[in-house]
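The values are calculated or read from the model by the stated rules, or taken from the named source; none is laboratory data. It should be emphasised that the depicted structure is a prediction, and the values quoted were computed from it without experimental measurement. Glycine gets a Cβ as well: all are built from the backbone with ideal geometry, and neighbour counts include every protein chain shown.
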Amino acid sequence: MQAVLAIAKATYRESIRQRVLLVVLLLGLLLIGVSVAFSYLSTGEEFRFVVDFGLTGFILIGLGLAVILGGFMIPTEIDRRIVFTVLTKPVSRAQYLWGKLLGAALTILVVDVLMGVAFVAAYYWKQPQHNVPLALYLALVAVFLQTLILLATAVFLSTISSSAFTVIATGFVYIVGSVNKYVTQLSQRGDSVLLKTVFGVLAKVIPNFQNFDLRQALLTSTPVDLGHLAGPVLGYTVVYVAMLMALAWLLFNEREF
Amino acid sequence: MAEAPPSREVVIRTTDLCKTYRTGLEQMVGAAGVAALSSLNMEVLRGEVFSMIGPNGSGKTTTLKLLMGLIFPSSGQVEVFGENPRTNTEVKRRIGFMPDGPYFYGHLNGYELLEFYGGLLGMEPAHTKRRVAELLERLEMTTRARQRVRTYSKGMLQRVGLAHALLNDPEIIFMDEPTSGLDPVGTRDMHTLVRQMKAEGKTVFLCSHFLTEIEDLCDRVILLDRGRTLRYGTLDELLAEPGMMRVTGSALPAAAREQLARLGRLSAADDAGETVEVIVADGADVHAALECIRSHNGHLDGVAPMRRTLEEVFMEAVERQQADRPWEDAERGLGSKIAAEAVHPEPVAAGEQEV
């Protein structure tokens, strides 16, 4: 465990000090600022605009971070031979992968917390009753968990492919996962057996991110409880991340440097 | 510092170790791939300075990676302290590895970097702190330790690389080109350090292109070329020229020098030509050379077994290998087929005669 924590700490320190992370954070804060600035467009329901625009920005920043960190950190360490100095210590390849994932997750968490504070402040300002519902916090947690799945996807893909492919494939997973319901419907309709099979496989293999999107519930003021987050969202995340990391380990364990 | 003699305990052993690199496609179609290492058999003893030498592409880095568990053997066995480093990572607690031209996390500073490696080694934080301070002091890096690693020069990176390899006070230290990029002072310090480690009873496994360095530091050497072992043994075994003696004399007249030249290979041992040395076959020729010096009232400065330099042994072995297997150069695209044919011409066809 000490090795995993040491790798996670070094990964966090290494990534938090990179300029690109600051740029991403500023971009995220800018998106929240823009949502506030343009909220007058939906007169009377300004907070809804903040929710819709701000939370979308939150999701996109998470996706960007998952792709940048997950897709590049391991290939870069292999290219620069940093991995030699790590794996020649008493560290298993599984510990290395988990350490990298935890370090990147911690980096994303810090960015999400900073953005989250700005987002909640914007919501509080624009919400007529100055009341921040529990659902808003849960929505932010759900976005973070969705980002974790994307991060694990990127880590898994980066163990077998180039960074460029990882970026594209992770983006594809996000898009398909966000419209999983429609992909499932496509797998049940149409005449082509091939297309039905392809959509069927995609719907089953690619995570369903629609469970993680609480924007609609927030916009319609539908109550969301902790149970929703614990079951379909948190449980789903744990299972998916564990599965992806197990697959990543299987492939990485056989990899030669 | 008195050196501890090497023991007979084998700490590293390779048995018929082979490594062939195959791409994914080559694996699928069962193609041969590129053989990087063929049947490597070697043993490294506790407390010795062992060196692996060879031209580029000879299999040195492949061997190091196999010993570290970074790549896996195609066949044969690797043992470090009797364990397979691939399956038993615990064995890595007892070794240190200093890579060639090391790269590290550039956004960490020297302290943070070494503390990170201490964490990987499972060291207690307080112990790590003490050890890091001690090593930085020893390697004269204390004043630079708070700078980010990305700002370090190559020499500073080498020092940090060495510090990270020594952090756990390893029993075996693997060093890949340890003096590459170091200035003369840094090189001397590195040599001193290797001698200190040997004196402390540690095993040093050294890969270097600097043959004089190897000759100066090592107990035993293995010479590889194209994955094959060309020479393997103690320096004395490798450098000795059996049956040949070196006779050195001075204050000799021209007639004596001519007489010595007829006995063997004559060379002037100094620029003025006053001291001459002759390489002669052991036995009657040595007696004849001694008699010649005595009869011309010259000074006999020394008689010693003939010993070649490591560079001479290296060049001879590699050139012989290239002459024996010229097609391999062509296969490797080295463009030396023509040169190889010049050394080792195609056999003359039956019925043809060279004029």
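In this structure, is B:V278 within 30 Å of B:A199 (Cβ to Cβ) and crowded, with 17+ Cβ neighbours inside 10 Å?
It is false that B:V278 is within 30 Å of B:A199 (Cβ to Cβ) and crowded, with 17+ Cβ neighbours inside 10 Å.
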note = Filter region A:1-32 for residues that are free of Cβ contacts under 8 Å to residues at least 24 places away in the same chain and away from chain B (no Cβ under 14 Å); the one that is farthest from A:V143 (Cα to Cα) is A:V23
remark   = Residues of region A:69-81 being crowded, with 21+ Cβ neighbours inside 10 Å and without any contact (Cβ under 8 Å) to a residue 60 or more places away in the chain, in sequence order, are A:E77
key: Leading residue by the ranking (nearest to the chain's Cα centre (by Cα)) among those in region B:90-109 that are within 7 Å of chain A (Cβ to nearest Cβ), surrounded by fewer than 19 Cβ atoms within 10 Å (Cβ to Cβ) and among the charged types (D, E, K, R)   = B:R93
request  = Only helices (runs of 4 or more DSSP H) wholly contained in region B:148-240 count here; list those with 1 or more residues that are more than 14 Å from chain A (Cβ to nearest Cβ), over 27 Å from B:V91 (Cβ atoms) and acidic (D, E).
outcome  = B:184-199, B:211-217, B:235-239
message = Given (1) touching a His at 6+ places or on another chain (Cβ under 9 Å); (2) part of a strand (DSSP E or B); (3) farther than 19 Å from B:R307 by Cβ, identify the lone condition not met by B:G249.
response = (3)
Whichever residue in region A:186-244 is surrounded by fewer than 17 Cβ atoms within 10 Å (Cβ to Cβ) and acidic (D, E) and, among such residues, is farthest from A:P133 (Cα to Cα) = A:D191
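Yes or no, residue by residue, for (1) part of a loop (DSSP other than H, G, I, E, B); (2) in contact (Cβ under 8 Å) with a residue 24 or more places away in the chain; (3) closer than 24 Å to A:L114 by Cα; (4) out of contact with any Leu (no Cβ under 7 Å at 6 or more places or on another chain):
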residue	(1), (2), (3), (4)
A:A154	no, yes, yes, yes
A:A169	no, no, no, no
A:Y182	no, no, no, yes
A:L186	no, no, no, yes
A:G190	yes, no, no, yes
A:L229	no, yes, yes, no
A:P232	no, no, no, yes
A:Y236	no, yes, no, yes
A:R255	yes, yes, no, yes
request  = Mind listing whichever residues of region A:34-84 are β-branched (V, I, T), in contact with a helix residue (DSSP H, G or I) (Cβ under 7 Å, 6 or more places away or on another chain) and within 14 Å of chain B (Cβ to nearest Cβ)?
outcome  = A:I74, A:V83
inquiry  = Looking only at region B:133-147, filter to residues that are part of a helix (DSSP H, G or I) and polar (S, T, N, Q); which one of those is surrounded by the most Cβ atoms within 10 Å (Cβ to Cβ)?
reply    = B:T142
inquiry  = For the condition small (G, A, S) and under 16 Å from the mean Cα position of the chain (by Cα), what is the one hit in A:A135, A:A118, A:A122, A:A152?
reply    = A:A152
key: Scan of region B:115-141 for residues that are modelled with pLDDT of 90 or more and away from every other protein chain (no Cβ under 11 Å), ordered by number   = B:A126, B:H127, B:K129, B:R130, B:R131, B:V132, B:A133, B:E134, B:L135, B:L136, B:E137
ask   = Is it the case that some residue within region B:166-178 is surrounded by 17 or more Cβ atoms within 10 Å (Cβ to Cβ), free of Cβ contacts under 8 Å to residues at least 60 places away in the same chain and out of contact with any Lys or Arg (no Cβ under 8 Å at 6 or more places or on another chain)?
value = no
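So if I check each of A:T43, A:T107, which one is polar (S, T, N, Q), on the phi < 0 side of the Ramachandran plot and surrounded by 20 or more Cβ atoms within 10 Å (Cβ to Cβ)?
The match here is A:T107.
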key: Yes/no for B:V276 being touching a Pro at 6+ places or on another chain (Cβ under 8 Å) and β-branched (V, I, T)   = no
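One line per residue, one yes/no per condition, for (1) within 14 Å of chain B (Cβ to nearest Cβ); (2) within 27 Å of A:V50 (Cα to Cα); (3) polar (S, T, N, Q):
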residue: A:T184; (1), (2), (3): no, no, yes
residue: A:G190; (1), (2), (3): no, no, no
residue: A:V193; (1), (2), (3): no, no, no
residue: A:L202; (1), (2), (3): no, no, no
residue: A:Q216; (1), (2), (3): no, yes, yes
residue: A:Y240; (1), (2), (3): no, no, no
residue: A:M243; (1), (2), (3): no, no, no
residue: A:L250; (1), (2), (3): no, no, no
